[in-house]
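Worksheet for the structure shown next.
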Amino acid sequence: MSGKPASKSGSKNFGQTATKPGQFKRSHGGPASSYAALSLRDLLDARDQYHIHLMRHPNVVATAIGYYRIRKGDSWPGAEKEIKGSGERTLTNSEVRAYSWPAVLVFVEKWVPPEEFGPDSLEKMVPPTLYLPDGRTVPVCVISAPKDVEAAKGPDAFAFPLNNIGSGHPVIVTVQGREHVATIACLATDGNRVYALTNRHVTGDDGNVVDSILGGVRQRIGLAAADQITRLPFSDVYPGWPGRLTYVNLDVGLIDVDDLDDWTARLQDDSLAGQMVNLSSVDFPLALIGRHVRGCGAASGWMLGEISALFYRYKSRGGFEYVSDFFIGPRTPVDEEE
């Protein structure tokens, strides 16, 4: 992904996607579909009922909620020559289009053509449709997502601040003789004290000393606060939504800063963060899919992304499943007409 801030036009891409090459239109306003009335809760309900069954299939590694992805080489509705692919579908060679319908996404480590399943293929293949108790059907979109066998390379350098520290800058915690580095997300306050938001797995226990390097000098900037969250039950974060034995992985750590004069609320591009988006089980739109997002890491710099799916359910430990709220991938390239 690009290492520069999002443009002003990119920041307005809420709920938009390509209706045909070179054009934008309000998302999912295409022809009516039998799936069009499916809500986010419907998809979560279907995924919750079938998740264990889906995860027992060969190569399945995770599930998520989203829109059915169409291979980029497939023709658009009304095209003179109909082209429809049947090969491997990946996040790279597919896209969400205006007529894509709500679906449960199933990620597989290896794409296997139907003819290779052999006897009892219907039992071994991921089902194309899930059925709700009232008879409604939910489509399934299978996506190939092989594991990266190469370990991620460590960062060459970190962007330490010259003067004030803030969002996008690194903090350092020494644990058992080793240094752990995290990125500051933003500043937050409880009305009395101001805290820096970062990862709990780095800040660690209450009272841990947190350092950074300001003006070339390493110094203490605060202490790990007692208020921190590792995980919460899905039903606590989103009351009323189906999610049995499921945790939302949050990894929220706070740094109780020592001296506010050492800090700044400005982002790396000198802008200020906007208002928080209020998302809950009452208001969590599927239209978030396709929304452009950006973030600044202490090692990576600016990263530009796109919300590809919601509630990515990816790990099982001790009988409990783990979910992340957003599944973020690279932005879908679309050429705008002049």
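Looking only at residues in region 100-121 that are more than 22 Å from the chain's Cα centre (by Cα), part of a loop (DSSP other than H, G, I, E, B) and at pLDDT 75 or above, which one is farthest from Phe327 (Cα to Cα)? It comes out as Pro113. Taking Ala103, is it under 30 Å from Arg220 (Cα atoms), surrounded by 12 or more Cβ atoms within 10 Å (Cβ to Cβ) and out of contact with any Asp or Glu (no Cβ under 9 Å at 6 or more places or on another chain)? So Ala103 fails the test. The residue that is modelled with the highest pLDDT, counting only those in region 268-290 that are in contact with a Gly (Cβ under 6 Å, 6 or more places away or on another chain) and in a loop (DSSP other than H, G, I, E, B), is Ile289.
With respect to the conditions (1) at positive phi; (2) touching a Pro at 6+ places or on another chain (Cβ under 9 Å), Gly216 lacks only one, and its number is (2). Only one entry of Thr183, Thr246 meets the criterion of being buried (at least 16 other Cβ atoms within 10 Å of the Cβ), at negative phi and in contact with an Asp or Glu (Cβ under 6 Å, 6 or more places away or on another chain), and that entry is Thr246. Within region 107-120, the presence of a residue that is in the same structural domain as Pro330 (by TED's automatic domain parsing), among the aliphatic types (A, V, I, L, M), touching a residue at least 60 places away in the same chain (Cβ under 8 Å) and surrounded by 15 or more Cβ atoms within 10 Å (Cβ to Cβ) is excluded. Could you check region 64-88 and list, in sequence order, the residues that are at pLDDT below 95, of a type in the set (Gly, Ala, Ser) and under 29 Å from the mean Cα position of the chain (by Cα)? Matches in region 64-88: Gly73, Ser75, Gly85, Ser86, Gly87. Of the set (1) modelled with pLDDT of 95 or more; (2) over 22 Å from Leu250 (Cα atoms), all apply to Leu197 but (2). Taking region 249-267 as the range and being in a strand (DSSP E or B) and acidic (Asp, Glu) as the test, the residues that pass are Asp251, Asp256. Please name all residue pairs, on different chains or six or more residues apart, with Cβ atoms under 7 Å, provided the first residue is in region 41-64 and is assigned by TED's automatic domain parsing to the domain that holds Tyr131 and the second residue is of a type in the set (Asp, Glu) and surrounded by fewer than 17 Cβ atoms within 10 Å (Cβ to Cβ). Listed pairs, sorted by first residue: Asn59/Glu109; Val61/Glu109. Only a single criterion out of (1) at pLDDT below 90; (2) over 23 Å from Pro285 (Cβ atoms); (3) crowded, with 19+ Cβ neighbours inside 10 Å is not satisfied by Ser27, namely (2). Considered as a group, the residues in region 227-264 that are β-branched (Val, Ile, Thr) and more than 22 Å from the chain's Cα centre (by Cα) include one that is farthest from Arg317 (Cα to Cα), and that residue is Thr264. The residues listed here are Val257, Val293; of these, the one that is within 24 Å of Phe234 (Cβ to Cβ), in contact with a strand residue (DSSP E or B) (Cβ under 7 Å, 6 or more places away or on another chain) and modelled with pLDDT of 90 or more is Val293. Looking at (1) touching a Phe, Trp or Tyr at 6+ places or on another chain (Cβ under 8 Å); (2) without any contact (Cβ under 8 Å) to a residue 40 or more places away in the chain; (3) outside any strand (DSSP E or B), which is the only condition Ile307 fails? Every condition holds for Ile307 apart from (3). Quick check on this structure: which one of Ile255, Ile229 is more than 23 Å from Phe158 (Cβ to Cβ) and in the same structural domain as Asn199 (by TED's automatic domain parsing)? Selected residue: Ile229, the only one of Ile255, Ile229 that is more than 23 Å from Phe158 (Cβ to Cβ) and in the same structural domain as Asn199 (by TED's automatic domain parsing). Where residues in region 177-205 are part of a loop (DSSP other than H, G, I, E, B) and within 28 Å of the chain's Cα centre (by Cα), which of them is farthest from Asp270 (Cα to Cα)? Here the answer is Asp205.
The values are calculated or read from the model by the stated rules, or taken from the named source; none is laboratory data. These figures come from a predicted structure and were not determined experimentally. So basically every Cβ, Gly included, is an ideal-geometry build from the backbone, and we count neighbours across all protein chains shown.
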